[in-house]
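Since the structure comes first, as structure tokens, the remarks are kept for the end.
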Amino acid sequence: MSKSAVQESIQASVSGFETTFITRAEMADDALETLNQRLKSVVSEYKGDLILTEDMGRQKLAYPIQKESRGHYTYLAYTGKGQVVQEIERALRLNEHVLRFLSVNLSKDFDAEKFKAGRIAAKEAAKQREVEREARREERAAERRSHGEGRGRDRDYHHHHDDMGDGSDE
């Protein structure tokens, strides 16, 4: 076996995981970067790779957590062996700014390239849906505007009374 084939074989046997965590909204950007670097070093210690890091930004929480109503969301996808998830979660638990976290085992035989491609496709599909949704919103707004033109109060009043008749048919 060539060196690259052995490397691919080793890479293919590594499990894939994702962790999403929420930090306090007022946490400084440099403190968040320090936390991300710490998590990256944990992944490296367990012979893994950080596949993807997404800063999802500050968002309103569905419900208050530790009296916080907003949080900064971060998503990590990574590979690793052994206790990598437990060590990532330990690092998150030790950080006073972390409100919540959730880790998920993606698969035993994780393919990073397929994962990245799938993630990119999902993002593109979401963008396309948003463009279509915005187009429908514009279309409905234009319809409402066109229905509203030429319908003054007086016109509707006279139109309504004209249809009623004057009673002279009887």
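Odds and ends about this structure:
- The condition (being open to solvent by 70 Å² or more (accessible area, probe 1.4 Å) and without any contact (Cβ under 8 Å) to a residue 24 or more places away in the chain) is satisfied by just one residue among Arg93, Arg58, Arg70: Arg93.
- Going through (1) assigned to a strand (DSSP E or B); (2) modelled with pLDDT of 90 or more one by one, Arg140 falls short only on (1).
- Whether a residue is part of a strand (DSSP E or B), at pLDDT 85 or above and under 22 Å from Gly16 (Cβ atoms) was assessed, and Tyr75 passes this test.
- For segment 26-44, the tally of residues that are open to solvent by 20 Å² or more (accessible area, probe 1.4 Å), within 20 Å of the chain's Cα centre (by Cα) and touching a residue at least 24 places away in the same chain (Cβ under 8 Å) stands at 1.
- Residue within segment 74-97 that is over 23 Å from Glu113 (Cβ atoms) and under 18 Å from the mean Cα position of the chain (by Cα) present: no
- Residue check, Phe101 assigned to a strand (DSSP E or B), among the hydrophobic types (A, V, I, L, M, F, W, C) and within 17 Å of the chain's Cα centre (by Cα): yes
- Taken together, Glu89, Glu124 contain a single residue that is at pLDDT 85 or above, in a helix (DSSP H, G or I) and within 30 Å of Tyr46 (Cα to Cα), which is Glu89.
- All positions within segment 52-89 that are among the β-branched types (Val, Ile, Thr) and farther than 17 Å from Leu102 by Cβ: Thr79
- In segment 45-72, the residues that are of a type in the set (S, T, N, Q), in a strand (DSSP E or B) and more than 13 Å from the chain's Cα centre (by Cα): Ser69
- Residue list for segment 13-24, restricted to those being open to solvent by less than 30 Å² (accessible area, probe 1.4 Å) and at pLDDT 90 or above: Phe17, Thr19, Phe21, Ile22, Thr23
- Looking across segment 45-55, the residues that are out of contact with any His (no Cβ under 9 Å at 6 or more places or on another chain) and either closer than 20 Å to Arg119 by Cα or open to solvent by less than 90 Å² (accessible area, probe 1.4 Å) (or both) come down to Tyr46, Gly48, Asp49, Leu50, Ile51, Leu52, Thr53, Glu54.
- Filter pass, Leu102 being closer than 18 Å to Asp55 by Cα, surrounded by fewer than 14 Cβ atoms within 10 Å (Cβ to Cβ) and aliphatic (A, V, I, L, M): yes
The values are calculated or read from the model by the stated rules, or taken from the named source; none is laboratory data. This one's a predicted model, so the numbers in the text were calculated from it and none came from an experiment. Quick reminder, even Gly has a Cβ in these numbers, built from the backbone with ideal geometry, and neighbours come from all protein chains shown. Calculation scope for accessible area: heavy atoms of the full protein, side chains included, ligands and nucleic acids excluded. Shrake-Rupley method; radii C 1.70, N 1.55, O 1.52, S 1.80 Å.
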